[in-house]
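Q: Once you've had a glance at the structure underneath, I'll fire off some questions.
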Amino acid sequence: MALLSHDPIYSEDLEKQELIGSGGFGDVYKARHKGLGFDVAVKKPRQAVGPDSSLFMQSEAALNKEADHMSKVSCEFVLRIYGIYLEKSGGGNYMQKGIVMEFMQRGSIQTLQKDLSGPPPWPLAFRLAHQVALGINFLHEKRLIHHDLKPSNVLLDKDLNAKLADFGLARDSTSAMISSEELVKEIGGSYKYMPPEAFHLSYNPCRAFDSYSYGILLWSIFTAKEPYPGKNYTLVEVMITKDEKNVQRPPCDELELIAVNGMTEMVALMKRCWDKEPRKRPQFKECCEITERMYSEHEKGIDDAVREVKTRLDQPESSTKKQNPSTSMGLRNSPQMPVQTVSNDTVDYG
Ligand code: ATP
């Protein structure tokens, strides 16, 4: 086993392990840390099949890289890492089998969308948009590019505050070019959040990648919809990389009908973020300024919004949990809501 650069957390330190989610990479468990006395989450990569397999060695390196990135960014809006998870192998030696992280009680933006069957009340939607921007801005300040921003990678704490998770694809902004083949293998199901330039034969890691993904994520937060439903990798590539006139992005017409303070500005931000030209996309410092302004107009409603959502999430399945929270929130014309290590210059936006 490689030398551990993070605190070891042994399987015996944890109890009551329970599967709470699965992704392309592996499974996520909730567990109680006996010594610390609180719940943690353990992410275990699926390819860790055995102590002697090369697959395991690969995942051990990937785990260490992910843990390194996470510990580099200690910030309120980024998921905290507690250590590397170690389990005894058949031979009696401890092997690295995962990462132990902060447990997020309210799942992710993706699970919230499913549970509410629509967008969250607007104050919460604007706060999520702002908190994600703050998290990514922090990462970029630390010269890291996230590369996998999407609803399932924005986790929610007990009061529905957002924290960025899943640093498996994160890269230092000075890292070498990645071939599109390598990127696609790593990015798996996240291609709908991937910018046009990353579909090319090789892609030069740049922060504008995250700006593009953020634009699509904002659209998803405010519509509670999946972009390009039913479209596979090849179709999405064709749709988003066409020439200027025919290029496609998620539709904003329904959002533009919503008479809510800041919505017009929010749609304008989405559109700037998903611009085909990386250098035209806003950097996160500017995104934070815009989203802070928008959120400040809704801040007085945030406590009610959080209380409302928590009440609905805590109701049993069969009750009104799935009512659309935004139906009473000011549609202008329609009676129906849409169901709902970088240098700090701008070179990587050009
Ligand atoms: P992929 O890895 O393919 O991109 P994903 O993001 O859904 O997909 P995971 O990162 O493995 O996959 O997470 C799976 C699910 O587990 C998440 O969507 C989330 O609901 C839950 N989850 C992940 N980490 C935590 C955590 N720290 N606390 C609580 N729930 C978590």
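Q: Go through the range 156-188 and count every residue that is modelled with pLDDT of 70 or more and either assigned to a loop (DSSP other than H, G, I, E, B) or touching a helix residue (DSSP H, G or I) at 6+ places or on another chain (Cβ under 8 Å) (or both).
A: Within the range 156-188, residues that are modelled with pLDDT of 70 or more and either assigned to a loop (DSSP other than H, G, I, E, B) or touching a helix residue (DSSP H, G or I) at 6+ places or on another chain (Cβ under 8 Å) (or both) number 15.
Q: Which of the numbered conditions does Ile99 fail, given that it passes all the others? Conditions: (1) away from the ligand (no atom under 15 Å from the Cβ); (2) in contact with a helix residue (DSSP H, G or I) (Cβ under 6 Å, 6 or more places away or on another chain).
A: If we test Ile99 against (1) away from the ligand (no atom under 15 Å from the Cβ); (2) in contact with a helix residue (DSSP H, G or I) (Cβ under 6 Å, 6 or more places away or on another chain), just (1) comes out false.
Q: What number goes with the only condition from (1) modelled with pLDDT of 75 or more; (2) more than 16 Å from Leu139 (Cβ to Cβ); (3) open to solvent by less than 50 Å² (accessible area, probe 1.4 Å) that Glu226 does not pass?
A: Of everything listed in (1) modelled with pLDDT of 75 or more; (2) more than 16 Å from Leu139 (Cβ to Cβ); (3) open to solvent by less than 50 Å² (accessible area, probe 1.4 Å), Glu226 misses just condition (3).
Q: Got a sec? Which of Val49, Val28, Val73, Val40 is β-branched (Val, Ile, Thr) and at pLDDT below 75?
A: Val49
Q: Follow-up. Out of Thr327, Thr311, I need the residue that is open to solvent by 70 Å² or more (accessible area, probe 1.4 Å), of a type in the set (Val, Ile, Thr), modelled with pLDDT under 95 and within 13 Å of Leu116 (Cβ to Cβ). Which one?
A: From the options Thr327, Thr311, the qualifying one is Thr327.
Q: Looking only at helices (runs of 4 or more DSSP H) that fall completely inside the range 222-325, which ones have 3 or more residues that are more than 22 Å from Met194 (Cβ to Cβ)?
A: In the range 222-325, the matching helices (runs of 4 or more DSSP H) lie at 253-256, 263-273, 284-296, 302-314.
Q: Follow-up. Evaluate the range 112-129: report whether one residue or more is within 14 Å of the ligand (Cβ to nearest atom), farther than 30 Å from Glu12 by Cβ, polar (S, T, N, Q) and assigned to a helix (DSSP H, G or I).
A: Yes.
The values are calculated or read from the model by the stated rules, or taken from the named source; none is laboratory data. Predicted model only: the values in this text are computed from it and were never measured. Every residue, glycine among them, receives a Cβ derived from its backbone with ideal geometry; neighbour counts consider all protein chains shown. All accessible areas refer to the heavy atoms of the entire protein, side chains included, with ligands and DNA or RNA removed. Shrake-Rupley method; radii C 1.70, N 1.55, O 1.52, S 1.80 Å.
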